[in-house]
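Notes follow the structure.
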Amino acid sequence: MVWIMFFLFFILLFLRFPIAFALGISTLSYLLVEGFPLVTLPLKMYSGIDVFVLLSIPGFILAGNLMNVCGMTDRIIRFSNNLLGHIRGGLSLANIGASMVFSGISGTAISDTASIGSVMIPAMKKEGYDAGFSCAVTAASSTIGPIIPPSLPMIIAGSLTGISIGKLFLAGAIPGVLLAIGLAVVSYTISVRKKHPKQPKATWKERGSSFIHAFWALLMTFLILFGIIGGVFTPTEASVVAVLYALFIGTFFYRTLTWKNIFAVITSSAGTTASLMLLVGFANLFGWILIIEQVPQNLAELLLTITQNKFLLLLLINILLIIIGSFMETIAALLIIYPILLNVAVFAGVDPVQFSVIAVLNLIIGLNTPPVGVCLFVASGIGKVSVEKVAKAGLPFLLVSILVLLLVTYIPAISLFLPGLFD
């Protein structure tokens with residue numbers, strides 16, 4: 001029956017059902033056919049949600065939305081543009097730089113694509129950049145967010161395995177920077193070849209002014225990261241600190257937050273959190289069914305039957321995760337497949353912290369992988385250009401992302417160096 005559940009799940013995905021509903025309907029069908037009491041549904045869903053560290057997710061979502069509403073995105077973009085706009089293709093480099101900074105607020109790729117893209121894509125098109133390239137660089141740079149802390153996928157990975165979230169945050173820092181550098185090199189190379197425009201060089205006064213305006217966003221990232229690593233507060237407490245910080249800055253420094261838009265942000269964040277928690281609950285039920293049907297053991301045996309060579313095994317896992325990430329939302333994929341593959345990787349001698357970074361990086365690369373990469377659709381919708389054109393323009397960015405993935409996969413020190421300093 002488990003294969004029928006899988007078949008129904010993928011059919012519903014193909015029909016564009018929300019993934020939470022696809023999980024819920026397919027798991028409910030399994031329970032009905034196998035004769036399980038329906039009380040199993042809420043019990044298993046609740047056990048998946050009842051994890052203390054998951055309380056940090058609504059906090060970070062709310063903090064990110066508050067910072068976005070108070071105009072932080074515009075300030076980050078202005079600062080990045082003043083630093084890099086005078087270079088050939090400077091707006092695309094500013095796009096990447098803004099995503100790198102904004103990652104400290106949102107922690108999700110889709111949020112980055114929507115928030116940064118809504119400002120940068122129209123600006124780049126207005127300056128004379130090709131629409132496909134503008135969308136592609138926005139979608140590609142959004143993948144930095146879930147790697148550089150604070151990262152919602154890393155929080156999910158830590159909650160599933162008990163791995164220190166502080167260590168996972170540290171482990172993602174160097175790969176995130178490498179990814180940003182790689183994307184910037186590709187963007188600059190393309191811009192030089194296509195003679196993309198550059199803007200007048202900003203004065204030091206303009207740079208200083210934009211830095212002052214963006215300072216509070218930059219400080220928030222360091223406040224959260226070093227607070228968690230330094231043991232000042234837990235990730236859950238850090239999310240509360242982030243919300244209070246965003247409220248304070250938006251109200252008293254930028255003076256853009258009012259009771260009306262605060263209420264709207266809380267309502268919007270509550271809706272996002274509810275849908276995410278519903279997804280977590282159904283995914284936990286889905287995972288429980290996989291366990292009782294011994295799917296993880298069978299998949300592990302299959303992979304180990306193909307090869308027990310550590311390097312080949314990691315290559316197979318990378319291919320599998322990128323394919324999954326191309327049609328499934330990152331957090332849902334982590335909840336379903338990550339614990340299964342982690343056991344295989346650990347058996348092969350891969351450090352759990354390193355594998356967590358590999359898994360997250362794979363899945364976010366999948367968000368920019370045709371035919372159904374979600375970030376490609378979001379960017380193409382903003383830029384009013386076909387997904388095919390965005391995917392074609394994004395191919396060089398996809399290739400450099402895969403190169404960074406291979407480096408992280410086969411050079412453990414890239415992800416383990418910083419966590420090792422705090423052992």
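Miscellaneous remarks
- Flag if Gly132 is in contact with a Lys or Arg (Cβ under 6 Å, 6 or more places away or on another chain) and either of a type in the set (A, V, I, L, M, F, W, C) or at pLDDT 80 or above (or both): yes
- Subset of the range 237-266 (residues that are over 26 Å from the mean Cα position of the chain (by Cα) and among the charged types (D, E, K, R)): Arg255, Lys260
- Taken over the range 217-233, residues that are crowded, with 17+ Cβ neighbours inside 10 Å and either aliphatic (A, V, I, L, M) or in contact with a Gly (Cβ under 9 Å, 6 or more places away or on another chain) (or both) amount to 8.
- Criterion: β-branched (Val, Ile, Thr) and closer than 30 Å to Val404 by Cβ - qualifying residue of Ile262, Ile249, Ile323: Ile323
- Subset of the range 35-61 (residues that are surrounded by 14 or more Cβ atoms within 10 Å (Cβ to Cβ) and of a type outside the set (A, V, I, L, M, F, W, C)): Thr40, Lys44, Gly48, Ser56, Pro58, Gly59
- Subset tally (residues that are closer than 20 Å to Gly172 by Cα, at pLDDT below 80 and not β-branched (Val, Ile, Thr)) for the range 328-375: 5
- Some residue of the range 36-43 being assigned by TED's automatic domain parsing to the domain that holds Ala274 and under 30 Å from Tyr245 (Cα atoms): no
Here's the yes/no breakdown for (1) touching a helix residue (DSSP H, G or I) at 6+ places or on another chain (Cβ under 9 Å); (2) touching a residue at least 12 places away in the same chain (Cβ under 8 Å):
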| position | (1), (2) |
| --- | --- |
| Ile156 | yes, yes |
| Ala173 | yes, yes |
| Val177 | yes, yes |
| Arg193 | no, no |
| Ser209 | yes, no |
| Ala217 | yes, yes |
| Met220 | yes, yes |
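- Among the conditions (1) on the phi < 0 side of the Ramachandran plot; (2) touching a residue at least 24 places away in the same chain (Cβ under 8 Å), Lys126 misses just one, which is (2).
- Conditions (1) modelled with pLDDT of 75 or more; (2) out of contact with any Asp or Glu (no Cβ under 9 Å at 6 or more places or on another chain); number of the one not met by Gly85: (1)
- Test result for Ile228, at pLDDT 75 or above, part of a helix (DSSP H, G or I) and among the β-branched types (Val, Ile, Thr): no
- Index of the failed condition, Ile4 passing every other in (1) surrounded by 14 or more Cβ atoms within 10 Å (Cβ to Cβ); (2) at pLDDT 75 or above; (3) among the hydrophobic types (A, V, I, L, M, F, W, C); (4) more than 27 Å from the chain's Cα centre (by Cα): (1)
So that you can scan it fast, the table gives a plain yes or no per residue for (1) crowded, with 23+ Cβ neighbours inside 10 Å; (2) of a type in the set (S, T, N, Q); (3) free of Cβ contacts under 8 Å to residues at least 40 places away in the same chain:
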| residue | (1), (2), (3) |
| --- | --- |
| Phe347 | no, no, no |
| Val350 | no, no, no |
| Asn362 | yes, yes, no |
| Val378 | yes, no, no |
| Gly381 | no, no, yes |
| Glu388 | no, no, yes |
| Val400 | no, no, no |
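- Picking from residues in the range 148-185 that are closer than 15 Å to Leu361 by Cα and outside any helix (DSSP H, G or I), the one that is nearest to the chain's Cα centre (by Cα) is Ser151.
- Among the residues listed as Ile76, Ile49, Ile61, the single one being more than 24 Å from His213 (Cα to Cα), in contact (Cβ under 8 Å) with a residue 60 or more places away in the chain and touching a helix residue (DSSP H, G or I) at 6+ places or on another chain (Cβ under 6 Å): Ile49
- Taken together, Thr273, Thr256 contain a single residue that is among the β-branched types (Val, Ile, Thr) and assigned to a helix (DSSP H, G or I), which is Thr273.
The values are calculated or read from the model by the stated rules, or taken from the named source; none is laboratory data. Bear in mind the structure is a predicted one, so any value in this text is a computation, not a measurement. Reconstructed Cβ throughout: ideal geometry from the backbone, glycine too, with neighbour counts over all protein chains shown.
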